[in-house]
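Before any comments, here is the structure.
The values are calculated or read from the model by the stated rules, or taken from the named source; none is laboratory data. This structure is a prediction, so every number in the text was calculated from the model and none was measured. Every residue, glycine among them, receives a Cβ derived from its backbone with ideal geometry; neighbour counts consider all protein chains shown. In case anyone asks, the SASA skips ligands and DNA or RNA and just uses the protein heavy atoms, side chains included. Shrake-Rupley method; radii C 1.70, N 1.55, O 1.52, S 1.80 Å.
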Amino acid sequence: MMNNQMKPADFTFQYKTAQYDNISAFFGRHGLNAVDIQFLTALFGSNAGNKVPLSEKDDSDQRSFSRTVFSKNAPDMERDFGLITILNNQDLPYNELLNKKAFLKNGNGEKFFDLDNVSEFYQSLLGGIEPLHDLISEYGHDEQNVFDGLYDYLTDEDNVAVMEKVAGQVKID
């Protein structure tokens, strides 16, 4: 019998960690929690078509996301894994994408980061660090300007069209 509980693992990376720390600090000061910040960063990576291998390293310090963040926020994180996977794989047939990729769980002993939805999410997160950091830097870390820029980015005609297409396929209410 399949266990429906995800068995998370810490995510440790050594790629653009100072930039991610700046992203986290900026949005954390403005009320976003770790789950929201990770999703926003992954969304930027997905939108830019940037997926960075989980093993990619640069000269950054090491950074970890604790498995307890996932454990305390499992429904939100599982939704985020699924949404980023759907956004990254719009070319796949609907049933294959939803049933075999977007909402996988590792209840039968699979490694957490071997699951397509988990690796898609974190590869997109790593790919989103630079574009999101660039947006914050472009506006000089000014709260009003950064959030206005973020709103403009998220409501750009192309981004809205993608979200409407996904919502229509997945029937998100």
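For segment 115-132, indicate whether the set of residues that are loosely packed, with under 15 Cβ neighbours inside 10 Å and on the phi < 0 side of the Ramachandran plot is non-empty. Talk me through it step by step, then tell me what you get.
Step one: filter segment 115-132 for residues loosely packed, with under 15 Cβ neighbours inside 10 Å, giving none.
No, segment 115-132 contains no residue that is loosely packed, with under 15 Cβ neighbours inside 10 Å and on the phi < 0 side of the Ramachandran plot.
Given the conditions (1) of a type outside the set (A, V, I, L, M, F, W, C); (2) within 15 Å of the chain's Cα centre (by Cα); (3) closer than 23 Å to Asp10 by Cβ, and given that Lys72 satisfies all but one, which numbered condition is not satisfied?
(2)
Open to solvent by less than 20 Å² (accessible area, probe 1.4 Å) and either small (Gly, Ala, Ser) or farther than 26 Å from Gly140 by Cα (or both): is that true of Phe13 in this structure? Steps first, answer last, please.
Numbers: open to solvent by less than 20 Å² (accessible area, probe 1.4 Å): yes; either small (Gly, Ala, Ser) or farther than 26 Å from Gly140 by Cα (or both): yes.
Judged against the criteria, Phe13 is a match.
Go through Ser55, Ser46, Ser64, Ser60 for me and flag whichever is out of contact with any strand residue (DSSP E or B) (no Cβ under 8 Å at 6 or more places or on another chain) and either under 23 Å from Gly149 (Cβ atoms) or in contact (Cβ under 8 Å) with a residue 40 or more places away in the chain (or both).
Numbers: Ser55 fails: either under 23 Å from Gly149 (Cβ atoms) or in contact (Cβ under 8 Å) with a residue 40 or more places away in the chain (or both); Ser64 fails: out of contact with any strand residue (DSSP E or B) (no Cβ under 8 Å at 6 or more places or on another chain); Ser60 fails: out of contact with any strand residue (DSSP E or B) (no Cβ under 8 Å at 6 or more places or on another chain).
Exactly one of Ser55, Ser46, Ser64, Ser60 is out of contact with any strand residue (DSSP E or B) (no Cβ under 8 Å at 6 or more places or on another chain) and either under 23 Å from Gly149 (Cβ atoms) or in contact (Cβ under 8 Å) with a residue 40 or more places away in the chain (or both), namely Ser46.
Scan Ser46, Ser55, Ser60, Ser71 and give me the residue that is under 19 Å from Asn117 (Cβ atoms), touching a Ser or Thr at 6+ places or on another chain (Cβ under 6 Å) and among the hydroxyl-bearing types (Ser, Thr, Tyr).
On the way: Ser55 fails: touching a Ser or Thr at 6+ places or on another chain (Cβ under 6 Å); Ser60 fails: under 19 Å from Asn117 (Cβ atoms); Ser71 fails: touching a Ser or Thr at 6+ places or on another chain (Cβ under 6 Å).
None of the other options fit; the residue is Ser46.
Please determine, by comparing only the residues of segment 1-40 that are part of a helix (DSSP H, G or I) and acidic (Asp, Glu), which one is modelled with the highest pLDDT. Spell out how you get there, then give the answer.
Step one: of segment 1-40, the residues part of a helix (DSSP H, G or I) are 17-29, 34-40.
Now restrict to residues that are acidic (Asp, Glu): 21, 36.
Numbers: Asp21: 97, Asp36: 94.
If we take residues in segment 1-40 being part of a helix (DSSP H, G or I) and acidic (Asp, Glu), then Asp21 is modelled with the highest pLDDT.
Of (1) farther than 12 Å from Leu126 by Cβ; (2) out of contact with any strand residue (DSSP E or B) (no Cβ under 8 Å at 6 or more places or on another chain); (3) crowded, with 16+ Cβ neighbours inside 10 Å, Gln19 satisfies all except one. Which?
Tallying (1) farther than 12 Å from Leu126 by Cβ; (2) out of contact with any strand residue (DSSP E or B) (no Cβ under 8 Å at 6 or more places or on another chain); (3) crowded, with 16+ Cβ neighbours inside 10 Å, Gln19 fails exactly one: (1).
Kindly list, by first and then second residue, each pair from a residue in segment 20-34 that is under 19 Å from Glu130 (Cα atoms) and touching a residue at least 60 places away in the same chain (Cβ under 8 Å) to a residue that is among the polar types (S, T, N, Q) and in a helix (DSSP H, G or I), limited to pairs with Cβ atoms under 7 Å and residues at least 6 apart or on different chains.
Hits for this filter: Ile23/Thr41.
Return a yes/no flag: does segment 155-162 have any residue that is open to solvent by 50 Å² or more (accessible area, probe 1.4 Å) and within 13 Å of the chain's Cα centre (by Cα).
No, there is no match, as no residue in segment 155-162 is open to solvent by 50 Å² or more (accessible area, probe 1.4 Å) and within 13 Å of the chain's Cα centre (by Cα).
Condition first: exposed (fewer than 12 other Cβ atoms within 10 Å of the Cβ) and more than 18 Å from Ala9 (Cβ to Cβ). Now tell me which residues in segment 91-108 satisfy that. Spell out how you get there, then give the answer.
Step one: filter segment 91-108 for residues exposed (fewer than 12 other Cβ atoms within 10 Å of the Cβ), giving 91, 93-96, 99, 108.
Passing the criteria: Asp91, Pro93, Tyr94, Asn95, Glu96, Asn99.
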